[in-house]
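Below you'll find the structure, written out as structure tokens, and then a few comments.
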Amino acid sequence: AYAITKMALFQLTRSYAKEFASQGVRFNMISPGYLETAVDLKDANALPLKRAATLKEVAKWVVFLFQEENAY
């Protein structure tokens, strides 16, 4: 259910991005995978970077996307 829901949100984001681009509205999806606070993270060494993402790292991307100079 998790993977299906994540893919559905990804497709919805893509659809909205295409639909509203002509009006100057941007849609983005931040999907970091496992976060350091995940309750179901069993072994971080099994992840590609050998660690989970921190909340601060995700917050930096959110701030980046809201900055006007990153409007594309």
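The values are calculated or read from the model by the stated rules, or taken from the named source; none is laboratory data. This structure is a prediction, so every number in the text was calculated from the model and none was measured. FYI the Cβ positions are ideal-geometry reconstructions off the backbone, even for glycines, and counts take in every protein chain you see. Heavy atoms of the whole protein, side chains included, go into the accessibility calculation; ligands, DNA and RNA do not. Shrake-Rupley method; radii C 1.70, N 1.55, O 1.52, S 1.80 Å.
Please verify whether F27 is in a loop (DSSP other than H, G, I, E, B) and either open to solvent by 60 Å² or more (accessible area, probe 1.4 Å) or of a type in the set (K, R) (or both), treating the condition exactly as stated. In short, yes.
Mind listing just one residue for me: the one in the stretch 14-24 that is in a helix (DSSP H, G or I) and closer than 17 Å to A71 by Cβ and, of those, most open to solvent (accessible area, probe 1.4 Å)?
Out of the qualifying residues, it is K18.
Put simply, of K56, K42, K50, K6 the only residue that is charged (D, E, K, R), part of a helix (DSSP H, G or I) and open to solvent by 100 Å² or more (accessible area, probe 1.4 Å) is K56.
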